[in-house]
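Structure record follows, encoded as structure tokens.
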Amino acid sequence: MVCDRATLVVAWNKVKSNRGSRTAGLDGWSRWHIEHRIGVERFLEEVRFRLKARIYRPAPVREHGIPKRGGKVRYLGIPTIRDRVVQTALKLVLEPIFETDFYPASYGYRPARRAQDAMAEIVHYINPRSSYEYVVEGDIKACFENVRHGILMRQIRRRIGDRRVLALLRAFLGAGVMKETGRLAATLTGTPQGGIISPLLANIYLSALDRHFEQFWKLSYYRRRKRVRSGSSDTTMTSSFWCAAAGNRRKLSGRK
């Protein structure tokens, strides 16, 4: 399905409609080069041939620093336009599979969901009849940079058995980063912040937290009342994972 011509055409249309298509990766090619020098059809056929022959090799991402408030710098990884098309094709195939596993209270980087939906759920829980008393906000430091590849691949293998797809994902994870100083750095951990498939991979990685909350903290109304009557604290919680401009935050609303 990743190699299907229709999938690659849809992936190309998504990539070229993005403003980032005018930004070149490490190879110096942008959308203009594909459309005016190579030709879209020839470009996609070449990508398809390499994928089917299992000789496709992702290029290192180009690092680009964006200044933030307080003097800090946020580093983005810019893949080549060829890698962006393949990543989009992978996402088109993988996202519907993993969407069936993601929890209803998970909002970040998911289709037709946004941060405002997570806040609306929190408003629902802090008002009667639920009347939760606390909202706890946590920030995962350098979330994308600290994703451990081994754990992520184990999570992916829970649903994906195709070795070609798994090998392609591992290749993207280990493609490396070309630093702004011109030094090529290995990517032993993390997914490039700026890669098209990185948000989906981060959601797969962080879904372990949702499973933890579901297993230990989601109690029925009657079990909660029984715990309260026995003197135990009510630890019912819901998680809402969402991304804001300031970074990745997993919001939890809970009643003690």
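Bear in mind that the values in this text are calculations on the coordinates, not laboratory data. No experiment lies behind these values; they were computed from the predicted model shown. Positions of Cβ are backbone-derived with ideal geometry, glycine not excepted, and every protein chain shown enters the neighbour counts.
Structure above, values below:
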quantity	calculated
Segment R57-Y134, extension gain: residue separation times 0.36 nm, minus the distance between their alpha carbons	22.9 nm
Loop chymotrypsin sites (Phe, Trp or Tyr not before Pro), the range 52-131 (other Cβ atoms within 10 Å of the site Cβ: 11 or fewer; DSSP)	none
Separation in nanometres of the label points that stand 7 Å from Cα toward Cβ, at E99 and Q116	2.0
Sites E180 and E41 - FRET efficiency at Förster radius 22 Å, r taken between beta-carbons, to 0.05	0.05
Enclosed volume per residue, in Å³, of the convex hull spanned by Cα atoms of the range 67-207	146
Estimated FRET transfer efficiency (I151, S230; beta-carbon r; R0 30 Å; 0.05)	0.20
